[in-house]
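*Asks:* Can you read through this structure? Questions will come right after.
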């Protein structure tokens, strides 16, 4: 299993380098100038010095190399310094936002808790709801439970999050007044009262995203379970006298989880990137909202870093899915 994991890790390195190069070159070709926001009263020679200070006067390959060093070497050193009080990154240059003139990763670290509170919780809730619904719907195919699950899944997958989010705001915030329509990012959970308030403001965005995620995953779970329930090994297990619970929850479920793991693992980075619209609707000050703001401000370092972080998440969770494949089916390790 260790060799299997090491092989996957070595394959991920050139993949990330290629993705980073593509992102960097695409943003280089994008129109826009960071100096466009500077007042017209600033002399041209001052603007040129500002461009040089931002590193815009250097060749493309030099800037790409410096960005790689800053992202993979300098920023982890700053993280170690913050945790252990060391001085590995003292005096080293970091990736600086053109918009705020502050380190990009510091801003990202400030936004991550909001994203994890809302987006992470919604995905966990969606997975916990989807798996049992998919299992029961497949085992009781065409029952009333299966029909209701199919109907709800179609609604959750078909209705866009910006529509369902606005609909919930109109019903539960404007008309009923049960939940706040705007997410308060300054709220700190210190007691039961603040925890209850945090739960209230998380309820609607978590429900919107959880419904969308559960709708997709439950259909994959149902289809995978149905495919395995009709296999020969299931009939053999039943013929040997195994209980129905052991057959379904041990043998069938284990084999059915292999394709579903791909959907779940690759859905995690998609949630972080796809929650941009939901964060805008509920005013959640997370990574998605940060990316939108950076795009509007033509903040290339921020857009580049956030986009690459999303790409890293995809590669990492794809690696996790590969490792889980090997755990569920040992034959995959030796392919």
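The values are calculated or read from the model by the stated rules, or taken from the named source; none is laboratory data. Since the model is a prediction, treat every value here as computed from it, not as a measurement. We place every Cβ from the backbone using ideal geometry, glycine too, and count neighbours over all the protein chains shown.
*Asks:* Could you tell me whether any residue of the range 204-214 is part of a helix (DSSP H, G or I), out of contact with any strand residue (DSSP E or B) (no Cβ under 6 Å at 6 or more places or on another chain) and surrounded by fewer than 18 Cβ atoms within 10 Å (Cβ to Cβ)?
*Replies:* No, that holds for no residue.
*Asks:* Considering only the range 218-227, I want to know if a residue exists there that is within 17 Å of residue 162 (Cα to Cα), in contact (Cβ under 8 Å) with a residue 12 or more places away in the chain, out of contact with any strand residue (DSSP E or B) (no Cβ under 6 Å at 6 or more places or on another chain) and surrounded by 21 or more Cβ atoms within 10 Å (Cβ to Cβ).
*Replies:* no
*Asks:* Among the candidates 131, 187, single out the residue that is in a loop (DSSP other than H, G, I, E, B) and out of contact with any strand residue (DSSP E or B) (no Cβ under 9 Å at 6 or more places or on another chain).
*Replies:* Working: 131 fails: in a loop (DSSP other than H, G, I, E, B).
Checking each option against the conditions leaves just 187.
*Asks:* At least 2 residues that are over 27 Å from residue 158 (Cα atoms) in each: list the helices (runs of 4 or more DSSP H) lying fully within the range 219-307 that qualify.
*Replies:* Numbers: elements: 232-239, 253-274, 276-282, 287-296.
By residue number, 232-239, 253-274, 287-296.
*Asks:* Here is a further query. Does the range 88-119 hold any residues that are in a helix (DSSP H, G or I) and touching a residue at least 40 places away in the same chain (Cβ under 8 Å), and which are they?
*Replies:* Residues satisfying the conditions are 104, 105, 107, 108, 111, 112, 114, 115, 117, 118, 119.
*Asks:* Taking the stated definitions as given, is residue 173 assigned to a helix (DSSP H, G or I) and at pLDDT below 80?
*Replies:* Here the answer is no, as residue 173 does not meet what is asked.
*Asks:* Hey, another quick one. If you go through the range 280-327 one residue at a time, how many are more than 19 Å from residue 95 (Cα to Cα) and touching a strand residue (DSSP E or B) at 6+ places or on another chain (Cβ under 9 Å)?
*Replies:* 0
*Asks:* Also: Residues being within 19 Å of residue 216 (Cβ to Cβ), more than 23 Å from the chain's Cα centre (by Cα) and surrounded by 15 or more Cβ atoms within 10 Å (Cβ to Cβ): count how many of those fall in the range 134-176.
*Replies:* 8
*Asks:* Note down all Cβ pairs under 6 Å where the first residue falls in the range 176-188 and is at pLDDT below 75, the second is surrounded by 11 or more Cβ atoms within 10 Å (Cβ to Cβ) and assigned to a loop (DSSP other than H, G, I, E, B), and they're at least six residues apart or on different chains.
*Replies:* Cβ pairs passing all conditions: 185/285.
*Asks:* Six or more apart or on different chains, Cβ under 7 Å: which pairs go from a residue in the range 258-269 that's touching a residue at least 24 places away in the same chain (Cβ under 8 Å) and at positive phi to one that's buried (at least 17 other Cβ atoms within 10 Å of the Cβ) and not in a helix (DSSP H, G or I)? Could you list them?
*Replies:* none
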